[in-house]
Structures are given as structure tokens and as C-alpha cells.
Amino acid sequence: MALRRMDNVLIVVDDLEAVKAFFVELGMELEGEMPVEGRWVDRVVGLENVRCEIAMLRTPDGHGRLELDKFHTPAAVEAVPQNAPVNTLGIRRIMFAVDDIDEVLARLRTHGAELIGEVAQYEDKYRLCYIRGPEGIIVALAEQLR
């Protein structure tokens with residue numbers, strides 16, 4: 001059987017409300033929230049006594065989803081270094097296509113976003129930037145030029 005789709009990307013967070021507000025400000029839509037616990041989740045994730053809150057967000061086109069998880073038990077484990085640079089091994093960023101990079105960047109700054117480098121133009125095709133949002137989450141923005 002062939003791969004059907006990528007369903008979602010999980011981000012474990014400490015401040016669920018702040019991270020959720022950041023992605024809603026970006027333009028994602030809150031699909032739902034719920035507590036998750038029980039033996040079934042322990043078996044799936046390989047931990048014991050899992051108790052967490054999740055928020056599922058989707059992109060406006062309905063194709064991309066983020067699952068934000070706040071673990072109550074067991075406690076989340078800190079990544080080292082906390083604000084890892086872009087060239088650290090592992091998943092480093094999520095990229096979103098936007099209509100107006102300057103407008104989105106201005107809105108996200110009200111949620112603590114910081115520009116990592118600068119807004120740069122790639123040929124006559126794109127304007128791009130990397131930002132660090134709540135909890136060190138790296139988000140890339142891409143504005144296609146007409």
C-alpha cells in the first residue's frame with residue numbers, strides 16, 4: 001500500500017495557550033482540544049501514566065495539521081540546547097506560505113516572535129525568513145512574488 005498523506009506534525013510544548021495563540025495568529029485554525037490519557041496512549045507512545053492536553057490546528061486549506069501537546073505526566077524533557085540553531089540535527093522548522101511576509105511578521109512579533117536572520121529575497125521568486133516563536137519553535141515564512 002502506498003503512503004496516503006502526512007497527517008500532522010507534533011510539537012511538545014510547555015505553555016499550550018501561548019503556542020496555540022501564536023499559530024492561530026499565523027492563520028491556522030483551531031480544530032479541537034482535548035485531554036488524552038489512559039493505557040492505550042501509554043502503549044502507543046511507550047511511556048507510563050501519560051496525561052496530556054492536546055490542541056489540533058489546521059491550515060486554512062485543510063491539508064496541513066499541527067498537534068500541540070502539553071504533557072502533565074510524565075513531565076516533558078528539555079531539549080539541549082534550548083534555542084538550538086537551524087543546523088542542529090532533527091526537525092528544525094516548519095515552513096508556511098503567506099501572502100504578505102511583512103504583515104505576518106508584524107503580527108507574530110506581538111506573540112514574541114523574533115527574526116533569526118533577515119527577510120531575504122530569492123531571485124524574483126520568493127521572499128523568505130526564519131523566525132523563532134514561543135518556546136524556541138522555528139517557523140519559516142515564504143511569500144511568493146508575482
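Every number here is computed from the coordinates shown, using simple stated rules; none is lab data. Keep in mind that this is a model prediction, so the values were computed, not measured. Please note: Cβ atoms are built from the backbone with ideal geometry, for glycine as well, and neighbour counts cover all protein chains shown.
Structure above, values below:
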| quantity | calculated |
| --- | --- |
| Residues of the range 27-85 that turn out to be touching a residue at least 40 places away in the same chain (Cβ under 8 Å) and of a type in the set (Phe, Trp, Tyr), as a count | 1 |
| The range 100-146: number of residues that are touching a residue at least 24 places away in the same chain (Cβ under 8 Å), under 14 Å from residue 25 (Cα atoms) and charged (D, E, K, R) | 2 |
